[in-house]
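Notes to accompany the following structure.
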Amino acid sequence: MSIICALALLLCVKSDPCMSANTSKLIEHTYDSLTEKMPSGKVSFIYFGSHVNQAIELFLEQLELSADALEDYGISVAKVNCSRENVEKFCTGGKVMKKAYLFRGSEVLRSFDIDTVFDVNAIVSHVLFTVLFNEVRYVHTVTDLLNVERAAKGKIDIVFGHIQVLGLPEHRALMEAAFVYGTKYQFVLTTGGPVLKHVGVEEPSSLQTGLWFLHCKDISSRSEPCPYTALRKPLTIVNIHTFLQLMEAPLVTETRQDPPDVDVIHRHLNIPVLFLFSQTLTQDLDRATAESLAWRLRGEAGVVLIHRESPDVKTSLQYNAAYQLAEEVLKYFTLKSIDEAVKLFREKILQEEEEIEEEEEEDAEEQSVALDALDDEVAESVYRDRDLMLDLEPIRELTSDTFNSAVTQNGLTVVLFYLKWDAVSMAFIQSCAEVSDALEDVSDIELASVDCGEWTDLCGDQKITSFPAVVIYRPGDPAVTYRGMLGAESLHRFLLLSQVSSPLSLSSHSDLLSFMEGEIYDKHSSLSPVRVLGLFRSAQDPGITVFVEASRILRGEVLMGIFTNEEAEKWVVEHSVKLPAMLVSRGPGIQREAYSLNFPSPERLVTHIQHVLSDPFPELTIENLPWYLERGKPLLLLFVGGDENSGNAGCLREIGNLLKTGQLESYVPCWIHLGRTPAGSSVLETYLGVVPPLPALVLSRLGADGEVFHFPPERPLLADTILQWLREVENGREQPAGMIPNEELRPSVGFYDFLAIMDREVPGYAAQRIPRGKSGAREGRKLQPQQEEQRGAHEGQAPGASLSPGTPHQHSEL
């Protein structure tokens, strides 16, 4: 009877007929009714608000739905109109209030931002999770799970659930099950992927949700692990209930009845049943076989052992087994091995699930078939827009015959090297078309493109090793590869700055002042407010060559000037440096910085300038992330949210104080505002499996180990405690809270050199290779040895993958 009552309660949560028709359970409290209700000690979820905008109105609709759901668990849901009722501490006087509170009596158990409890599933799951905080164990690491498992042996079985993101329907289903079955089983929850390796998940990052039953109750030995059974169906409340009933069922049911007469719980739950027939002489062996099969099929099928010597068994002796799928007829067969039975059931169940999925997704079948071959969001967008004709007329298509003349006749030629079958290339070519339109009125800049699928010889000569690639050509100067973001805005800004002479030669004191204050090139101030000025006593200074070459490398990224005059000495007196020197201006009214210039090579100077221009404690954005990843140091990331007047300032200040002490030299301290950079939420979820309360401090170790450490939320974010925590991490006393997926990002299609394949079919190919241009064009010079070597490495290379050994992928941790 208890099973029936439990199922009825769970189904009532999901079914409207169990609720009173047209009767809202949402209470609207007055000040008097609230103060009268509080001493009762009951749990209540209350929203305090005054002004109602569209977002609040949507939240109130979900709040009303949650009132019906939570009533079944004895939790009341209410709202208080703060424009009429002044409740101290909760009616803050703000026009729009975005907090809801969970009370037990008058005690606040927890407050929630309404962005966290965004719908009825999120409200119910978070409220139940808080109420069951002392009953549902939350684990971060395998060690945590082993400790729970050790305490449960010989006492209670464990229901272990994995939810990638809290607040979703799967989280609600697990919390509702925990509320009903919490006294019978020990419920354990994790959002961290590495813990899943304990239950046999080889690739934790690929699993969004999962449930396992750890059979610990009958294990007495502390050294013996608890066997586990996985739920192989979606995480819904009905599937969880069915699964737990199967775990309570006998491992093997023994009977002396014929299969059609056997009554087992599996048939009532529409679960497949396997029948095995036992002989008197082989009874022990048959029982062992049945138990072995039952363990492998547990949760998927029931196993019944039938003793054939009974007169009630009428099955022919030619069969030793039978099976019955849900609501299907009984089928008899001859079983030859355990593996054969497992394979039979797995294939049958898989086929049944696929048929259900095909019915549910029939309307979307045409789109999903094509999308299955695509591997990322960029590829999906390309597929979605596949029928749109791109206006690429402003982008000139170059060939081997027209390339050299094109890049030598214009002031600035921007060439996109791409592959038609590479999704990123096709997405970026649309951005290039937008840039071309934006530069329509700008003279001396031409955008062009080369299809490396057709002109493999040209792309090989230009040493193109990844796709898409943008190269800037200017007559008389070496080619420059664009290293910025693959977006229209970044490329447009780079090209406008590339038009400016670099370094700009300044001849007088007034020119120098105008340059540093941003008055020269005023129209470019919004593109780059930073100015870098090289100061030299005379034009014969050997450091000028290094500075000029560094300026050429950084052209398009930063505005640089040069001043060669004895008056340069006056500009460095107040900065305690000697000539040659470099002055950096970050904008009008900001104190200038001075550095000595003593670098043996342009590359060393470029690295120094990039380090100087980088913020010591930057706000990370999509645009500047690659620059900070290039440092190769662990990222000390502070995730913040809310407005500028919240508690973020204090946390930022504490880390800023640590920076001044020089004790963070081994890290790259930075911060992300989730409001301004929403992608930060995905990063945080990838790191920890969940977005914890903000602010959150995380240490991300890039590289082979990929460990992520989370500053304990219960500790104050102060300079001393942060430093102590970092020492504990370095000494190995702090356990990682997550792992960065160590997966190399590859494009969906490899770079196949089709002409090379055709060449191999030509007689005498091994003796003499033929240079290649466009299909069918086989005339030309012989390849030089270094080009032969390059082409050999180039063939079969995946687009976007660098041929340079040892170069890490800059975005692997995202």
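The values are calculated or read from the model by the stated rules, or taken from the named source; none is laboratory data. All of these numbers come straight from a predicted model, not from anything done at the bench. Every residue, glycine among them, receives a Cβ derived from its backbone with ideal geometry; neighbour counts consider all protein chains shown.
Listing for the model above:
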item	result
Filter result for V470 (within 30 Å of N624 (Cβ to Cβ), surrounded by fewer than 16 Cβ atoms within 10 Å (Cβ to Cβ) and either β-branched (V, I, T) or touching a His at 6+ places or on another chain (Cβ under 9 Å) (or both))	no
Candidate set from the stretch 164-203 (those that are among the aliphatic types (A, V, I, L, M) and assigned to a strand (DSSP E or B)); member that is nearest to S66 (Cα to Cα)	L189
Lone qualifier among E557, E549, E603, E566 - being acidic (D, E) and over 26 Å from D477 (Cβ atoms)	E566
In the stretch 547-604, the residues that are more than 41 Å from the chain's Cα centre (by Cα) and either of a type in the set (S, T, Y) or assigned by TED's automatic domain parsing to the domain that holds T413 (or both)	T564, S576, S596
Yes/no for D541 being in the same structural domain as L605 (by TED's automatic domain parsing) and at pLDDT 80 or above	yes
Any pair with Cβ under 6 angstrom, 6 or more apart, that starts in the stretch 483-499 at a residue that is in a helix (DSSP H, G or I) and ends at one that is of a type in the set (K, R) and modelled with pLDDT of 80 or more	S498/R555
Listing of strands (runs of 3 or more DSSP E) fully contained in the stretch 532-627 that carry 2 or more residues being hydrophobic (A, V, I, L, M, F, W, C) and touching a Ser or Thr at 6+ places or on another chain (Cβ under 6 Å)	559-564
Test: residue in the stretch 8-17 that is among the basic types (K, R) and at pLDDT below 85	yes
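Yes or no, residue by residue, for (1) surrounded by fewer than 21 Cβ atoms within 10 Å (Cβ to Cβ); (2) not in a loop (DSSP other than H, G, I, E, B):
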| residue | (1), (2) |
| --- | --- |
| V414 | no, yes |
| A433 | yes, yes |
| S436 | no, yes |
| G453 | no, no |
